[in-house]
Structure formats: C-alpha cells, structure tokens
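Asks: This structure is in structure tokens; I'll ask about it shortly.
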Amino acid sequence: MLKDLFYYIIYPGFLFVAVSGGILAWFDRKITAWLQFRKGPPFLQPFYDFFKLLLVKETILPAKGSKITFLLAPVFSLTGALLAGLLILLPVLNIKSGFSGDIIVIFYLLTIPSLTYIIGALASGNPLAAVGASREMKLIVSYELTFLLIIAAIILKANMSIKLNEILLVQEDSPFIGSISGVLLFIVAVFTVQAKLGLVPFDMAEAETEITHGFFIEYSGTPYAFIKLAKYSMLFILPVFLCSLFLGGLQFNGLNILWSVLKLLGIVLLLTLIRNTNPRVRIDQAMRFFFVWMNLLVIIAIVLILFGL
Amino acid sequence: MSKIIPIGPYHPLQEEPELFKLYCEGEIVKDVKWETGYNHRGIEKLSESKTFDQVFFLVERVCGICSTSHPFAFANCIEEIGEIEVPNRAKYIRTIIAELERIHSHLLWVGLAGHFLGYNTVFMWAWKYREPVLDLFEKISGNRNSYAMFKIGGVRRDIENDKIPEIKKILDLVKKKTDLLTGAVMDDPVIHARTKGVGILTKEDIIDFAAVGPTARASGIAIDVRKDDPYAAYPLINWKVITAEEGDVFAKAKVRLLEMYESVSIIEQCLDGLKKEPEGQTEIVVKNIPEGIGTGHAEAPRGEVFHFAKTNGSNYPVRHKIRAPSYVNIATFKKSCIGQTISDATISLAAVDPCYCCTERLASVYDFGSGHKILGGEELIRISQKQTDKLLKL
C-alpha cells in the first residue's frame, strides 16, 4: 500500500513527471533560444515560473461565466495528464505490468487535457477564448483520428496485443522504427504529438498574435500554474509514449539511462526544431493536413504492415 | 449574430495602441471597424510654435522607424519655398540616410510579419541582421535612431571619404544576410500557404483607397515619389521601382525584400558619388525663409510622406500639415480583411506595415469624465476653416 502511494506520488508518478517535464521545457526553451541567437533561460526557470504563478501571483476570476467549471478545468487537465503518465510509465519502467487494454485507456486519458482546456475556455465567457476553444475542437477532431489509426497500426504490428507491456516486449530485439512502416508511422506520430502539445505549426488555439493566447486568456495565478504543470507533464509523457511505441521504450538501469535520456531528448529536439522552422498554419490547413495527408500515410503504413514490411 | 473580436487597444499583434473591432461569424470576419485616438500628440500645432531648425527634431519624432522621411519631406518643403539648391554632397548623404532607413524598416517589418505568423525564428534573425544597419547609422550620424542629420540647406554631419570603404564592407555583410533571409522566407512552402492569395488588393482597390508605397507597388502600380517627382540624389543614379502583380501578403513581402537590394545598390552608387564631391561641402547657409506656401514629399519605407507648410517671412511656420503614408494605407483593411478568417485578417492588417502614431487625427472631442461629445467632426472642420481664413489674411 505504502509502496503504491510512493509510485503514485513520487516515482514514477506526480513528482517525477512534473520535474522531468520542467527540465524538458527548459531544454525546449534553451534550444529555441540558441536557434534565435538568444541566451535562453537558466536551468530552473520553468520551476520559477510555476512557483511564481502558484504562490505569488493573484488569481483573477472572470466576472461572467461559470467560476467552478473555470477553476476545476485545470485540475482535471493535470489529473488526466498525470494518470496517463502513470499508466505509461509503470509498464515502461518495468515496475508493474499494467492490464490488458491499457493502451486504449491511455489514448482516452491523453485527450483529457485538451478537452478540459476547451471546457475551461468556454466557462470563462471571453470571446477570444471561445475562438480558441472552437479551433482546438476542430484540431482535436482532425488529429485524434490519426492518433487512433497510429495506435491501431501499432497493435497490428505487435501481433494484436493491446497491452503496452507486451508491445514493449515485442520490440525488445528490433524496435518498430527499424521497418519502413515504422518510419512512416513515426513521422505521422511526431506531427500528431506536435498538435497534441499545441506547438507552433498547430498552436492556432493559443495564437498569441491573433487571439492573445486563446483559451488561456482569462487564466491567472494558481489555476494557470496547474495548466503550466499539465503542459510540462504532457511534454514529458508524449515523448515517452512515442519512445515506447517506436523506439523500444526506456530502461533506467546502468548505461541504459544515458541511452534512454538521449532518446527522449532526441524526440523533444525534433519537436523543438519543427516548432522553430515553421509558421503557424490556419485551422482549415491543419485539418486538411491531418485528414488527407497524415491519414493517407498511416493507411499506407497499415498496408505495408499487412505485407510484413 | 456576429460577435466582436477586439484587436487592441493593447494587443500583441500591433506595437502601438489602436483598436480594430472584427465582427465575426464563426471564424469569418464580416465587418471591421477601426478606432484610434490613443496616441494623438498634436504635432502640427506644436510645430507652429517652433523655429525651422527645431521643427526638424520635432518631425523626426512623428515616427520612430521612418524618422528620416519626415525631416526629408519638410526640408523639401521649406527648400521649395526658399528656392534653395542643396550642394551635391548633401544630396548624396541625404539619400544614403533615407535608403539605410528603408533597409532597416523593411527588415523590421519582415521580422514582425514572421512573429505575426508565429514564426519567431524569422523575427529574431531579421532583427539580428538589422543590427549592422543600426551600427552603420551610429557610425554616420552618432545615433542608432532619430539621426538628426537634416537641416535647411544641407546636412549636419559629413561622411568623410576615408570612412567609405568601411561602410561598403558593412553593406556587403547586410546584403549577404538579406540573401539568407530572402531565401528562408521566399522558399518556405508553409509561408506560401499562409500568405499567398491572402488579403488581396486589386489595382482598382489601390486607386480607390489612394494607397501608396509597397502596398500599392505589390498590386502592380509603380507609384514611387523617388521616380515620379525626383528629389535629392535619386535622379543622379540608376535604380528601378520594384513591383509585383498579385497584391496579396506574399507580394508585399516580396516587394519589400527586393527593395532592400535596390536600396543597397543606391547607397553604393551614392558612396561612389560622394568620392567625386569635395569634402566638407555639406550645406549652404540660409539666412531667412521668405513668405510663401510650399509642399514637399519623400518616399518613406511605407510610402509617400507629404508635408505642407505656410511661412510668413518669420523664423517659424504659421501652418504645418503632415500626411503620413499609413493614413491612406490602413484604410485598405475594408477590402483586404472582410471575408477572410481571423488568422488571415490579422496578417492582412499587418501587411501594410501600419504606423498609428503617424496616423492619429483629431476627429471628435469627448469629455473624459462623462463621455459626452463636446465637438463633432463638422464643428472641428468649421473651426479649422475659420482658422485658415484668419491665416490667409495674415
């Protein structure tokens, strides 16, 4: 019982996910700064940001709109992100084997942060937040199908196993990235993760210069700190998920630690590079991108899998 | 029912205070209304209480970015009244300063346009490459901005001939960096997707709104004061007006990027011209300005800057009127934004490179406390006409 509590709260649960997410957020910002001839933030900056918002900053509530929904949405988003993280990390780190069908639960839990952002934005009663929420809805509709198809293809590749642990076992000798279909799926998955994280080509729901941070516009103080933490957590969880789906997971023992960290940083570097070398696309362009091109790639990959490639 | 999406008064899209109300149905902009009045400084009135030498420093501060075009236009205006012929060396130096300003302003716009599209790397790179231009300004005038180079009859500082190779070296650097930036912007497929066919202004729209500068040139109208009514050293050198036919945001970016190369070439020719002129002949002494009415214009980075002044033989203007290019360019949002999505409308608004502090006009007067209207537009026009009648009798 006490051991379970340790798993949930410290390692690999809440604290581990939050701290790793903060470090990855720093990594992302530092690389961005180097690409833009800037110096970049100090190592602890993401944590300074979080604690400043949590403890120091005033919380201002919108006069119109539903206050309880507005305040609960960030809590649910953080819960969803951390639960997904727990379900991913326990099998990946070989602590618990998980249960049959957990990959489908993970798929649902990873959608919760985006959904709660929408609910919180609509509860704030701000027209800019409403525009942001409507854009995020369209974006979810477009990328979730692709994400589901990717997971279906992975299940197909892993001999119809719907348990994350077994998917990892199949990859023990040869990770899925080693095949043509694996490479195709990985490319699509990176773009989907980019959209899930709301990074630049697909950040139209925040779109600072259009709708001034869209659905987060009314958030301040502690609720915004929760959103920040949820975002940090997602920045850690989704690359870990990609690692476990394509790169054979992470091992935290011996020299493997270095290799695992490199895998993670590599994926985050890829996401950072994409976000720094592209302008924001319009929502209709993003929808066409996922509905037509990305879905097409996944279907090609599925056909390749059926041919054993 | 349409909802209002406000852009302003304080918004990351624009650096200056102004308010655009986008009346949206879903994502589609159905109507746009524009409100200003956050920035009115009464420069024209202030100018009437300054001597001619002081007015140059005042009009330099109309706009921080085109801070040479206003003194340039005012110098043209006063020199027309006084029938003053400026020495060739001063003409070259004036042209160099004006063209350097065009380079730095266009680089600034390219960076901002990248930022508006969420492409912050372009923003940072363009502004970094703008730094050598500002350093060059510091070398020539002693200031990175607001150069204080202009005076009636010439310029305040000379460019010594032994500085010229150094300036040319920095210009080569700027050109190389511009190549890099142009490549990055013109060949990016995602930028094409975001800017091509967006915010199109046809030739007729440009004529209807009397738009000027790169906004007009991007729609295929080769309007440029430097060619149409040459001043300073522009008739002495070889250069061409850059135009594009499409009229969309991408065409505007293309025109601005290509104009930078033209500016570099103009500056190089001016530097060659400087070598032929004797050093030190940068001004002629002007004793007094006779009574008269004069107009002067100059091609600012955003288009034509127009100055009108009336003098009465004393050492200050009795009437000074300024029309900045943004005043006509901003109004084109009525054609370019309506029917677009919010994403496209914002970049279309920014594509004319608006400058609100140039544009602010007094349209009506409200009481700050109660919000009652004190003076409407018609009353203000009547007061203005009365004032003009009084001035004409002076």
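Asks: If one computes the Cα centroid of the stretch B:41-70 and of the stretch B:350-394, what distance in Å separates the two points?
Replies: The distance from the Cα centre of the stretch B:41-70 to that of the stretch B:350-394 comes to 18 Å.
Asks: Could you state, as a whole-number percent, how many of the C-alpha pairs of the stretch A:191-302 are farther apart than 21 Å?
Replies: The calculated P(r) of the stretch A:191-302 puts 50 percent of pairs beyond 21 Å.
Asks: Above 39 Å lies some portion of the pair distances; for chain B, what is it as a whole percent of all C-alpha pairs?
Replies: Percent of Cα pairs beyond 39 Å in chain B: 19.
Asks: Please give the average number of partner chain Cβ atoms lying within 10 Å of the Cβ of each residue in B:120-130, rounded to a whole number.
Replies: 4
Asks: Same structure, new question: Can you tell me the orientation of helix A:127-157 relative to chain A, as the angle in degrees between its alpha-carbon axis and the longest Cα principal axis, to the nearest 10?
Replies: Roughly 10 degrees between the two axes.
Asks: With respect to the cross-link table entries A:Lys57/B:Lys373; A:Lys3/A:Lys157; B:Lys151/B:Lys393; B:Lys45/B:Lys335; B:Lys168/B:Lys254; B:Lys175/B:Lys252, which display a Cα-Cα separation exceeding 31 Å?
Replies: Distance filter (> 31 Å) returns A:Lys57/B:Lys373; A:Lys3/A:Lys157; B:Lys45/B:Lys335.
Asks: How charged is the neighbourhood of B:Ala345? Take every other residue with its Cβ under 10 Å from the Cβ of B:Ala345, and add Lys/Arg as +1 and Asp/Glu as -1.
Replies: So the environment of B:Ala345 carries a net charge of -3.
Asks: Then there's this: Once phi is turned into θ = phi - 60°, what whole-Hz ³J(HN,Hα) does the Karplus curve with 6.51, -1.76 and 1.60 give for every residue of the stretch B:279-292, x standing for Gly and Pro?
Replies: Ordered by residue, 3J(HN,Hα) equals 5, x, 7, 9, 7, 10, 6, 10, 7, 8, 9, x, 5, x Hz.
Asks: Amide H neighbours of B:Trp34 under 5 Å, at least 5 residues apart or on other chains, H built in the peptide plane: list them.
Replies: For B:Trp34, whose amide H was placed from the backbone, the distant partners under 5 Å are B:Lys21.
Asks: By the scheme Lys and Arg +1, Asp and Glu -1, what is the net charge of all other residues having a beta-carbon under 9 Å from that of A:Ser220?
Replies: -1
Asks: Now a separate question. Could you tell me how far the Cα centroid of the stretch A:183-204 sits from the Cα centroid of the stretch B:188-246, in Å?
Replies: After rounding, the separation between the Cα centres reads 38 Å.
Asks: Using only DSSP helix segments of four residues or longer, with each worth -39500 (n - 2.57), what per-residue ellipticity at 222 nm results for the protein assembly as shown after dividing by its residue count and rounding to 500?
Replies: That calculation yields -18500 deg cm²/dmol at 222 nm.
Asks: Show which lysines lie in cross-link reach of A:Lys231 when reach means a straight Cα distance below 18 angstrom and same-chain residues fewer than eight apart are skipped.
Replies: A:Lys30, A:Lys52, A:Lys196
Asks: Also, I was wondering about something else. For a quick protection proxy, order the peptides A:220-231, A:28-39 by their average other-Cβ count within 10 Å, most packed first.
Replies: A:220-231, A:28-39
Asks: Need one number: nm distance between label points at B:Lys168 and B:Val285, each 7 Å from Cα along Cα→Cβ, rounded to one decimal.
Replies: The two pseudo-label positions are separated by 3.6 nm.
Asks: Separate question: Please state, rounded to one decimal and in Å, the Kirkwood hydrodynamic radius that the protein assembly as shown gives when every pair of distinct Cα atoms enters the mean of 1/r.
Replies: Taking every pair of different Cα atoms in the protein assembly as shown, averaging 1/r and inverting gives 28.5 Å.
Asks: Going by amide H atoms built from the backbone, whose H comes under 5 Å of the H on B:Glu16, apart from near neighbours?
Replies: none
Asks: Additional query: Strictly over 21 Å apart at the Cα level, which of A:Lys39/B:Lys128; B:Lys240/B:Lys276; B:Lys287/B:Lys386; A:Lys138/B:Lys3; A:Lys138/A:Lys263; B:Lys203/B:Lys334 would you flag in this model?
Replies: Those over the limit are B:Lys240/B:Lys276; B:Lys287/B:Lys386; A:Lys138/A:Lys263.
Asks: Which one of B:Ala184, B:Ala148, B:Ala211 has the biggest mean-square fluctuation once chain B is modelled by GNM with Cα springs under 10 Å?
Replies: B:Ala184
Asks: May I pose another question? Which of the aspartates and glutamates could a cross-linker span from A:Lys64 if the Cα-Cα distance has to be under 13 Å and same-chain partners fewer than 8 positions apart are dropped?
Replies: Those aspartates and glutamates meeting the cut-off are A:Glu218.
Asks: Could you run the Karplus curve 6.51 cos²θ - 1.76 cosθ + 1.60 with θ = phi - 60° over the stretch B:207-223 and give me ³J(HN,Hα) per residue in whole Hz, x for Gly and Pro?
Replies: Result, rounded to whole Hz: 5, 4, 8, 6, 5, 10, x, x, 4, 6, 5, 6, 9, x, 9, 7, 9.
Asks: Give the long-range amide H neighbours of B:Glu304: residues separated by 5 or more places, or on another chain, with amide H under 5 Å away, using H modelled in the peptide plane at 1.01 Å from N.
Replies: B:Gly213
Asks: Please go through the stretch B:283-359 and write out the trypsin sites (Lys or Arg not before Pro) that DSSP classes as loop and that have at most 10 other C-beta atoms within 10 Å.
Replies: Sites meeting the loop and neighbour criteria: B:Lys287.
Asks: Which aspartates and glutamates have a Cα less than 14 Å from the Cα of B:Lys196, not counting those fewer than 8 places away in the same chain?
Replies: Partners found: B:Asp187, B:Asp188, B:Glu245, B:Glu246, B:Asp248, B:Asp344.
Values quoted throughout were computed directly from the atomic coordinates according to the rules given, and no laboratory measurement underlies them. These numbers come from a predicted model, not from an experiment. No Cβ is skipped: glycine too gets one built from the backbone with ideal geometry, and neighbour counts run over all protein chains shown.
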